[in-house]
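Presented below is the structure to which this report refers.
The values are calculated or read from the model by the stated rules, or taken from the named source; none is laboratory data. Since we're looking at a predicted model, the values are computed, not measured. Methodologically, a virtual Cβ is constructed for each residue, glycine included, from the backbone with ideal geometry; neighbour enumeration extends over all protein chains shown. Calculation scope for accessible area: heavy atoms of the full protein, side chains included, ligands and nucleic acids excluded. Shrake-Rupley method; radii C 1.70, N 1.55, O 1.52, S 1.80 Å.
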Amino acid sequence: MGRAAVSNWERRHPDFPRPVMIGGDEFFDTQAVITWLDGRTIPKNALGEREAPGLTYGARFRERRQARQERPPTPSPAVNLPSRELEERLWAAFDGLRGNLAPERFYLLGLTLLYARARDEEGWASVERGQTDPSRWAVQALHTMADSALAPIWRELAVGKRGDLALAELARAVDQWVLKLSPAEIFRIFLGRLADAQGKKGGEFYTPPSVTRVLVDLMAPEAPLDVYDPACGAGELLAATISRVRERNAAAPSEVEGNTLSSESLALARMNLDLHGVDARLDSHAVDALCAPSPARRFRYVISNPPFNMRNWCRDDPDSHLWRYGPPPRHNANFAWLQRVIDQLQPEGRAAVVMPNGAAFSENPRERTIRAGLVEDGCIEGLVSLPPNLFHNTAIGVTIWLLRHPLRHPREIIVIDATNLGRMTTRTQRVLSSEDLHILTEIIEGWRQGRGITGHDILATIVQPDEIRRQNYNLNPRRYIVQSGGSPIVGRQSVTALRQELDHLHTAALAADAQVTDLLGRLRW
């Protein structure tokens, strides 16, 4: 209830409920006001035509509120706001309630309350009818719906004199989101804010929307869907994959599986996929599960954005007998992920995996040996270099590896240099536009369908195995795009030198980023 509706009662009655602050404005809790009105009988001369003597103002309030709720809702003007402006307005009101709670804890609480609000429609309706206190509803919903990994978080807010009041404010703020946007869309927005708050750690569970879409579009999943993500974070890649298939065939059968690397990510993935209407089999295993033999289960599609450059992913030096193309180095899990993905593909399967750029041209002997094996066995369909600043947790550029089940012989590989695509939306964040995504999808689809890459020679080229061997299995797309552009012989050595220097700089940046990631990973938030 806004102040204008009750300011007269507040002036005249010292026992009137006190207001609370939401987004910088004063509001009155509806249930508290109704309880106060229950103690005040309507004078006979103020009764309506069908109202009986003894009726309280509280009873009248409930009856009229119920009648208003049963009428068709009038669209709110806020719904017509541009999506970004609406998001910012809603977020300002929500974030204003955080107080002294750490941002990441507060946003996790918001995600859990959002899930509870979306799944407990009947319980929330009782709040709206004035039958249940909103803070009591929030506590009960969190008890019954929050995953055990997230359950302790709300207790931090519930401690102290403001506990119940703060939960009531948060519940109503979340309700304002649900009135304007779908719960699945709100969950995505909250995940992005949580990733911002957590910095490097946010990359363990969140893939930005434009990267998610390009991964799914280039993998091009079709029904019947059978998809797996070995490091699924909050489940956004799995949700996007099944959404794409359902757009084309709403009744398409689907099997969705994923593994997370922490209990909190598992809780987020379960809520996220449930809000998308996805019945998924999810589990959580530590990264050292990569050291064990691959599971027997095989999938038609595998999609993943695993953590970059993970150190000490195996307690001992990896067992060479477990790796088709050779044991990855213990200081970096990138090629453990790539080999695990290939191992879990069906014979006609296809995969899309995000890797840091350095994985394509690392000079580490083990990694180069594995790249050679992937090339000679025909596992690599294509590589797409994306621009920097796409991720919340790192500014480095990344490469999408398009993989397939081993063909037992080498094949040509399509490489795309998309490092100049996208636009900066903030000082540190870049996004790929719909036009960018269309261009990349058009290139890959045209090549798969035998139309070549006509019209896209500046961005893409087709590389034969012999050329890759001559380049010592360096798979940096920029190396081949430069050569395909018809550089003159004069100056070719200088171009090659610059290209090699660029590769070294990429490797140095990769090593520095890995060290920072390792140090931050030791901090507990």
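Laid out as a table, the results:
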{"quantity": "Wholly enclosed helices (runs of 4 or more DSSP H) of the stretch 145-224 bearing at least 1 residues modelled with pLDDT under 90, of a type outside the set (Gly, Ala, Ser) and buried (at least 22 other Cβ atoms within 10 Å of the Cβ)", "calculated": "151-158, 163-180, 183-198"}
{"quantity": "Cβ pairs under 7 Å, 6+ apart, first in the stretch 431-457 and of a type in the set (Ser, Thr, Tyr), second open to solvent by 40 Å² or more (accessible area, probe 1.4 Å)", "calculated": "Ser433/Arg423"}
{"quantity": "Residue count, the stretch 94-129 (criterion: more than 11 Å from Asp175 (Cβ to Cβ), in contact with a helix residue (DSSP H, G or I) (Cβ under 7 Å, 6 or more places away or on another chain), among the hydrophobic types (A, V, I, L, M, F, W, C) and in contact (Cβ under 8 Å) with a residue 60 or more places away in the chain)", "calculated": "4"}
{"quantity": "Meets criteria (more than 15 Å from Tyr206 (Cβ to Cβ) and open to solvent by less than 30 Å² (accessible area, probe 1.4 Å)) for Phe308", "calculated": "no"}
{"quantity": "Criterion (modelled with pLDDT under 70 and either open to solvent by less than 40 Å² (accessible area, probe 1.4 Å) or in contact with a Pro (Cβ under 7 Å, 6 or more places away or on another chain) (or both)) met by exactly one of Val6, Val33", "calculated": "Val6"}
{"quantity": "Residues within the stretch 231-262 that are crowded, with 24+ Cβ neighbours inside 10 Å and in a loop (DSSP other than H, G, I, E, B), tallied", "calculated": "5"}
{"quantity": "Check on Tyr228, crowded, with 24+ Cβ neighbours inside 10 Å, among the hydroxyl-bearing types (Ser, Thr, Tyr), at pLDDT 90 or above and not in a helix (DSSP H, G or I)", "calculated": "yes"}
{"quantity": "Residue in the stretch 121-135 that is surrounded by fewer than 15 Cβ atoms within 10 Å (Cβ to Cβ), touching a Phe, Trp or Tyr at 6+ places or on another chain (Cβ under 8 Å) and of a type outside the set (S, T, N, Q) present", "calculated": "no"}
{"quantity": "The stretch 47-83 - residue that is in a helix (DSSP H, G or I), modelled with pLDDT under 75 and over 37 Å from the mean Cα position of the chain (by Cα) and, of those, farthest from Leu181 (Cα to Cα)", "calculated": "Arg64"}
{"quantity": "Residue in the stretch 430-440 that is nearest to Leu386 (Cα to Cα), counting only those that are out of contact with any strand residue (DSSP E or B) (no Cβ under 8 Å at 6 or more places or on another chain) and crowded, with 16+ Cβ neighbours inside 10 Å", "calculated": "Leu432"}
{"quantity": "Test: residue in the stretch 318-336 that is touching a residue at least 60 places away in the same chain (Cβ under 8 Å), hydrophobic (A, V, I, L, M, F, W, C) and on the phi < 0 side of the Ramachandran plot", "calculated": "no"}
{"quantity": "From Arg324, Arg300, residue being under 16 Å from Arg404 (Cα atoms), open to solvent by 20 Å² or more (accessible area, probe 1.4 Å) and touching a strand residue (DSSP E or B) at 6+ places or on another chain (Cβ under 6 Å)", "calculated": "Arg300"}
{"quantity": "Residue tally, condition in a helix (DSSP H, G or I), in contact (Cβ under 8 Å) with a residue 40 or more places away in the chain and in contact with a strand residue (DSSP E or B) (Cβ under 9 Å, 6 or more places away or on another chain), over the stretch 270-287", "calculated": "2"}
{"quantity": "The lone exception for Ser265 - which of (1) open to solvent by less than 30 Å² (accessible area, probe 1.4 Å); (2) more than 19 Å from the chain's Cα centre (by Cα) it fails", "calculated": "(2)"}
{"quantity": "Qualifying position, being in contact (Cβ under 8 Å) with a residue 40 or more places away in the chain, farther than 22 Å from Asp217 by Cβ and surrounded by 20 or more Cβ atoms within 10 Å (Cβ to Cβ), among Phe361, Phe391", "calculated": "Phe361"}
{"quantity": "Among the residues listed as Trp401, Trp337, the single one being open to solvent by less than 20 Å² (accessible area, probe 1.4 Å) and farther than 22 Å from Asp466 by Cβ", "calculated": "Trp337"}
